Amino acid sequence: MVECTECGATLAMNEDTEVGELITCGDCGADLEVTGMTPPMVQLAPQEEEDWGE
Amino acid sequence: MRFGLLYSLIRKEEKLLLKAAADRGVDVVKIDVGALTYGLRGATRLPPVDVVLDRTLSHSQALYALRFFASYGITTVNTPEVVARCGDKALTSIALQEAGVPTPTTLVAFTPEQALEAIEEIGYPAVLKPVTGSWARLLAKVSDRQQAESIIEHKATLGSYQHSIFYIQEYIEKPGRDLRALVIGDQCVGVIARTSDHWITNTQRGGTPTQIELTPQIKQIAQAAAAAVGGGVLGIDLMERPDGSLTCHEVNHNLEFAKSLEVYGIDVPGLIVDYVIASANRWPGVSGVPTVVPSPHSR
């Protein structure tokens, strides 16, 4: 379990969650990047940049 | 064989690729593109790897990171040369034209005056695109001279220098869809159509992926387009002209497939991982060059 950095909601982490994974807070909709698993940590995911894409 | 996955964020695609590698008994080292420092003789915090699959979101970061890796003797998929070509629409257009691959009429101009002249030469409607960028961002369908003048002025005034590289293309009256063909190595392995009521049919912008038959015509142009930019794991964007012929308008080097996986009907992540493994064996890094060298920064 980890706390959303934006709204404080409690988020469940799946067993197969990866560091670097993008998850979305079900309460506020914020995109969060998983920065650690032991202990679970998240931060607000980086915003889309102009050169992002395929 | 030590397999690295270079990433910005782990999205559904990257998780599927990690699973495909695990299913093949391959351990993958995840490498956060932003966590390294890249030196001329080695990168700090770069784990030992023989081959790197690039899944970086930022084109600029991918381009430099892969070029550094290549100089360290690490095989990369795709190569920095392919990434450079595919990440720049003008360079892609030149490569397609030089290889004789059908591509829409394209003009590039550097000043607002020449851009306007180029749009008038192409004729209305014309399409104005940023020369770099993806996900159909900032595309403009220009329907008349007044629109052209406004859009050009906005780009020149508000945009970065890159927005003053005016990339102008003929508008193709396509049948409400474009095609995305997937090429791995020298083989076109799948194709989908992306349908939308909007002229932009990118799935990032709401286009719906649908299954279509992989015809010899699609295979031929997709494989030729992939070869034109240097090959690898590539998404080839095609449009159907009113006469039924195909034209290639874009080649994508950082394939997204999560929204279309079931529609492709093939094991896309598995095929990519197999190709990366084969590439590591076929083009091993330069012998004798260690993959981890103490960075000059740490001395």
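Output wanted: per-residue J couplings in Hz (rounded whole) for segment B:209-215, from phi through Karplus 6.51 cos²θ - 1.76 cosθ + 1.60, θ = phi - 60°, x for Gly and Pro.
x, 9, 7, 9, 6, 7, 7
Full-extension gain between B:Q217 and B:E113, please, as 0.36 nm times their residue separation minus the C-alpha to C-alpha distance.
33.5 nm
Find, among the GluC sites (Glu not before Pro) in segment B:153-229, those assigned to loop by DSSP (not H, G, I, E, B) with at most 13 other beta-carbon atoms within 10 angstrom.
B:E173, B:E213
Compute the angle between helix B:268-282 and the longest alpha-carbon principal axis of chain B, please, reported from 0 to 90 degrees and rounded to the nearest 10.
60
What percentages make up the Cα-Cα pair-distance distribution of chain B when the bins are 5 Å wide from 0?
All Cα pairs, binned at 5 Å, distribute as 1, 5, 11, 15, 17, 16, 13, 10, 7, 4, 2, 0, 0 percent.
If you take the C-alpha gyration tensor of the protein assembly as shown, multiply each eigenvalue by 5 and take the square root, what semi-axes do you get, largest first, in whole Å?
Value: 34, 24, 22 Å, ordered largest first.
Could you name the lysines in cross-link range of B:K19, using Cα to Cα under 19 Å and dropping any fewer than eight places away on the same chain?
B:K30, B:K259
Out of residues 5 or more away from B:I31 or on other chains, whose amide H comes under 5 Å of its own, with H placed 1.01 Å from N in the peptide plane?
B:L5, B:L6, B:Y7
In debye to the nearest 20, how big a dipole does the protein assembly as shown give about its Cα centre with +1 on each Lys and Arg Cβ and -1 on each Asp and Glu Cβ?
It comes to approximately 880 debye.
So what are the ³J(HN,Hα) numbers for segment B:114-126, from phi and the Karplus equation (6.51, -1.76, 1.60; θ = phi - 60°), rounded to whole Hz, Gly and Pro as x?
5, 5, 5, 4, 5, 5, 5, 5, 5, x, 9, x, 10
Please express the Cα-Cα pair-distance distribution P(r) of segment B:1-51 as a list of whole percents, one per 10 Å bin, running from 0 to the bin with the greatest distance.
Once binned at 10 Å, the Cα pair distances of segment B:1-51 give 24, 51, 22, 3.
Which ordering of A:C4, A:C28, B:C248 is given by a fewest-first count of other beta-carbon atoms within 10 Å?
Lowest count first: A:C28, A:C4, B:C248.
Please work out the Cα convex hull volume for segment A:2-44 and give it in Å³ per residue.
With only Cα atoms used, segment A:2-44 gives 57 Å³ per residue.
How many partner chain Cβ atoms sit within 10 Å of a residue's Cβ in peptide A:42-52, on average, as a whole number?
If you average over the peptide's residues, the count of other-chain Cβ atoms is 5.
With an 8 Å cut-off on Cα pairs and a minimum separation of 6 or more residues, tell me the relative contact order of chain B in percent.
So the answer I get is 23 percent.
Let me see the pair-distance distribution of segment B:105-170: every alpha carbon pair, 5 Å bin width, integer percents in order.
4, 21, 35, 29, 11, 1
Taking the 0 to 90 degree range and rounding to the nearest ten, how far is the long axis of helix B:145-158 tilted relative to the main principal axis of chain B, both from C-alpha atoms?
Around 40 degrees separate the two axes.
In terms of Cα to Cα distance under 22 Å, which lysines are near enough to B:K129, apart from those fewer than 8 places away along the same chain?
Cross-link targets: B:K89, B:K141, B:K155, B:K174.
What is the gain in length, in nm to one decimal, between B:K259 and B:A156 on full extension, counting 0.36 nm per residue of separation less the C-alpha to C-alpha distance?
Difference between extended and current length: 33.6 nm.
Between 0 and 90 degrees, rounded to the nearest ten: what's the tilt of helix B:12-23 against the longest Cα principal axis of chain B?
40
Considering only the other residues whose Cβ falls under 12 Å of the Cβ of B:T75, what net charge follows from Lys and Arg at +1 and Asp and Glu at -1?
For residues surrounding B:T75, the net value is 0.
Where a number appears in this text, it was derived from the coordinates with a stated rule and is not lab data. Predicted model only: the values in this text are computed from it and were never measured. Here the Cβ is made from the backbone with ideal geometry for all residues, glycine too, and neighbour counts use every protein chain on show.
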